[in-house]
Amino acid sequence: MSDTLKFKHYRHNLQVKFHSIRKIVRFLYDNYCPNNLKNRKNISLSKVSDIDIISEYFLMLLIRQKSQRFFFKLFPVLFPRRTMLERSRFNRRLNQLLPVINAIRVNLTKHVIIPDDTAIIDSFPVLVCNPIRNFRAKLFKGVANIGFNATKNISFYGFKVHMCTTTSGYILNYVVTEASVHDAKVAETLIDKCPASKILADVGYVGQKLQDNFAQKGYQLWTPYRSNMKKAKEHNKSSLKKIRRRIETYFWILNNKFEIEYNTVHTLTGFQVRLEAICLLQNLEFFVLNSN
């Protein structure tokens, strides 16, 4: 019975959650969104504000509602007095808000105080289709391609998200590439303007050239040596390996909460909006946890 809209407690919880989300979004919009994005041409003529659009989308992500069609039936029942855009118009407005969500996430990150001087980098796959359809998929043709994920031992069609986080799980930056791109090729772009000077990575980033490039930019890159390399036992400190593995836990959390490793949109802009929103929501939870 708790899954039905007639159950008042379930409805009340969603209403409370939405109002909480809207307060947070308003604060972020007022304090971290640049004025040139707030005062866009004809923005005053909009019947639904940017804050409402972003809040509604955040609610959909937080309740893990895959079907946008169902969500658009659910929302008017929960909030009969609120004006909600028609679905296609909502998506157009949401896509136009990509620079706004990105600016909020980037400007918020500038005010983060990292508790230590260490960051972690790694990547995870984003599947556009099931592996059995790798050679038949047409979605994102020419942009996505087929890659191999060694951790899961699967070939997949889609993208690869390279991410840089703090040791406590705050997302500092991310880069999206084709599935076939090697992690080391985008490592330098990923840590651009990273506030931490020590970077932990896995064996996929092993290489003297990459070490030297990081050193020239003022970063110290640590990766475990492969077992057949000289002085592997002395270099592979268990404490550092344990810290590095935290990012795999953070990826699991993102996938468990938002199913970030599975694509649910059909446009590149929609894909990026979803990633930006998920990263921002995860970072907001970081502040909540650290304030308690």
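The values are calculated or read from the model by the stated rules, or taken from the named source; none is laboratory data. From a predicted model like this one, the values you see are computed outputs, not experimental measurements. Note that we place each Cβ from the backbone using ideal geometry, even for glycine, and neighbour counts take in every protein chain shown. What goes into the accessible areas is simple: the full protein's heavy atoms, side chains included, and nothing from ligands, DNA or RNA. Shrake-Rupley method; radii C 1.70, N 1.55, O 1.52, S 1.80 Å.
Of the labelled figures [x] 37, 22, 19; [y] 29, 22, 20; [z] 24, 22, 20, only one reflects semi-axes √(5λ) of the Cα gyration tensor in Å as derived from the coordinates, namely [x]. Here the relative contact order of segment 130-252, from alpha carbon pairs under 8 Å that lie six or more residues apart, stands at 18 percent. Simple rule: put +1 on each Lys or Arg Cβ and -1 on each Asp or Glu Cβ in segment 86-128, find the dipole, and look at 112, 94, 123; the Cα lying farthest toward the positive end is 94.
Over all other residues within a Cβ to Cβ distance under 9 Å of residue 61, the charged ones net out to +3, with Lys and Arg as +1 and Asp and Glu as -1. Dipole magnitude for segment 169-264: about 620 debye, using +1 per Lys or Arg Cβ and -1 per Asp or Glu Cβ, origin at the Cα centre. Take the residue pairs 38/141; 17/242; 160/193; 110/198; 17/110 and return only those whose Cα atoms are more than 30 Å apart. Checking Cα-Cα distances, 38/141; 17/242 exceed 30 Å. In a fully extended conformation the segment linking residue 245 and residue 112 would gain 45.6 nm over its present Cα-Cα distance, using 0.36 nm per residue. Going by alpha carbons, how many degrees (0 to 90, nearest 10) lie between the helix axis of 50-62 and the longest principal axis of the chain? Tilt relative to the chain: about 60 degrees.
Compared with the dominant principal axis of the Cα atoms in the chain, helix 8-32 is inclined by about 70°. Note on the chain: helix-only mean residue ellipticity at 222 nm, from DSSP H runs of 4+ residues weighted -39500 (n - 2.57) and normalised by residue number, equals -14500 deg cm²/dmol.
Share of carbon and sulfur in the accessible area of the chain stands at 52%, probe radius 1.4 Å.
Would you mind computing, in nm to one decimal, how far apart the modelled labels at residue 203 and residue 149 are, each placed 7 Å from Cα along Cα→Cβ? Rounded to a tenth, the inter-label distance reads 2.0 nm.
The largest accessible area among 248, 276, 86 belongs to the first residue in 86, 248, 276, and the rest follow in falling order (1.4 Å probe, all chains).
Solvent-accessible surface of the chain, taken per residue with a 1.4 Å probe and all protein chains present: 56 Å². Per residue, the average separation of C-alpha pairs within less than 8 Å and at least 6 apart gives segment 54-206 a relative contact order of 21 percent. Set the Förster radius R0 to 30 Å, insert the Cβ-Cβ distance between residue 17 and residue 98 as r into 1/(1 + (r/R0)^6), and round the FRET efficiency to 0.05. Working from the Cβ atoms, E equals 0.80.
Note on residue 64 and residue 30: the extension gain reaches 9.6 nm, defined as 0.36 nm multiplied by sequence separation minus the Cα-Cα distance. Dipole check for segment 38-106: with +1 at the C-beta of Lys and Arg, -1 at the C-beta of Asp and Glu, and the Cα centre as origin, the magnitude is about 140 Debye.
Using the Cβ-Cβ distance between residue 184 and residue 38 with R0 = 35 Å, the FRET efficiency computed as 1/(1 + (r/R0)^6) comes to roughly 0.35.
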